[in-house]
Amino acid sequence: MFVLLLGAPGSGKGTQGKIVAERLGLPKITTGDILRAAVRAETPLGLQAKKYMDDGKLVPDAVILSLIKEELAKPEAKEGAVFDGFPRTAAQAELVDTTLGERGQRLSKVLLLDVPEEELLQRLTARAAQENRSDDTPEAIRTRLQVYQRDTAPLVAHYAQRGIVHRVPGTGTIEEIATEIQRIVGR
Ligand code: AP5
Ligand code: MG
């Protein structure tokens, strides 16, 4: 089963993705974590990605598409995976559709984590003090929220046409949200 966690920055994709991936026994693929590790290791990918990430902008598709391809080709993602943080643009969605399609597979469920902007801002500001993520600055947070609305939110309509979007109220305790996701995913 391939499951996509979709939602604005701070909506809980990482938190809930970890829980559902463990329960399903599937790998969680998180482009943000892969990119942050590349930045730390100062690899060519990291060096290219860093300035976009620090500004809260998307890393260009020219860079990301090959990264996604590589991740989907890994043996552990053969039967399924939980996607966190991608696809995030129309071109990325197209690549995921095509790559899975060629293997006779498809995305089964899109979980849309719905959290009001006020709460997103609160969570990211609180995390800034704890985790020191370089894109949790007020300016980068503002840009990330705008970029989500402009480039990523339109994917909801794309997947809704297929009837696979499930809106999950993203406020409440982590456990409550996880239970709702379990109900939707069916296990
Ligand atoms: P990415 O790492 O994907 O970050 P993001 O989308 O901005 O989202 P976050 O990771 O900040 O939030 P989240 O939804 O995972 O929430 P979390 O569980 O952490 O991307 C970062 C950057 O990398 C992008 O800006 C871009 O530059 C680049 N990038 C990545 N993928 C890309 C792609 N495909 N294409 C191009 N560029 C790409 O929760 C947030 C906080 O809230 C935490 O502190 C958590 O503890 C807390 N929290 C969670 N749930 C709850 C709850 N129920 N109640 C209260 N607090 C909660
Ligand atoms: Mg995350």
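Which pairs turn up if I take residues in the range 45-61 that are in contact (Cβ under 8 Å) with a residue 12 or more places away in the chain and within 18 Å of residue 89 (Cα to Cα) and look for partners that are outside any helix (DSSP H, G or I) and more than 9 Å from ligand 1 (Cβ to nearest atom) with beta carbon separation below 9 Å, at least 6 apart in sequence or on another chain? As it stands, the answer is 53/134; 56/137, since those pairs meet every condition given. I'd like to check something: does the range 79-93 contain any residue that is surrounded by fewer than 15 Cβ atoms within 10 Å (Cβ to Cβ) and farther than 21 Å from residue 45 by Cβ? So far as the range 79-93 goes, yes, one or more of its residues are surrounded by fewer than 15 Cβ atoms within 10 Å (Cβ to Cβ) and farther than 21 Å from residue 45 by Cβ. Tell me which residues, restricted to the range 72-126, are in contact with a Leu (Cβ under 6 Å, 6 or more places away or on another chain) and in a helix (DSSP H, G or I). The answer is 93, 95, 99.
For the range 82-118, what are the residues that are on the phi > 0 side of the Ramachandran plot and either within 16 Å of ligand 2 (Cβ to nearest atom) or of a type in the set (D, E, K, R) (or both)? Before the answer, list the steps.
Of all residues in the range 82-118, those on the phi > 0 side of the Ramachandran plot come to 85, 104.
Hit for the range 82-118 is 85, nothing else.
Of the residues making up the range 168-187, those that are open to solvent by 60 Å² or more (accessible area, probe 1.4 Å) and part of a strand (DSSP E or B) number 1.
Looking across the range 15-44 at every residue that is surrounded by fewer than 18 Cβ atoms within 10 Å (Cβ to Cβ) and small (Gly, Ala, Ser), the one that is farthest from residue 174 (Cα to Cα) is identified as 41.
What number of residues in the range 157-167 are assigned to a helix (DSSP H, G or I) and touching a strand residue (DSSP E or B) at 6+ places or on another chain (Cβ under 6 Å)? Reasoning before the result, please.
Going through the range 157-167, the residues assigned to a helix (DSSP H, G or I) turn out to be 157-160.
Retained after the next criterion (residues that are touching a strand residue (DSSP E or B) at 6+ places or on another chain (Cβ under 6 Å)): 159.
Residues that pass the stated criteria total 1.
Scanning the range 12-36 for residues that are part of a helix (DSSP H, G or I), farther than 18 Å from residue 74 by Cα and either of a type in the set (A, V, I, L, M) or within 12 Å of ligand 2 (Cβ to nearest atom) (or both) gives 13, 14, 15, 16, 17, 18, 19, 20, 36.
The values are calculated or read from the model by the stated rules, or taken from the named source; none is laboratory data. What you are looking at is a predicted structure, and each value in this text was computed from that prediction instead of being measured. Positions of Cβ are generated from backbone atoms using ideal geometry, with glycine treated the same way; all protein chains shown enter the neighbour counts. Note: areas computed on protein heavy atoms with side chains; ligands, DNA, RNA excluded. Shrake-Rupley method; radii C 1.70, N 1.55, O 1.52, S 1.80 Å.
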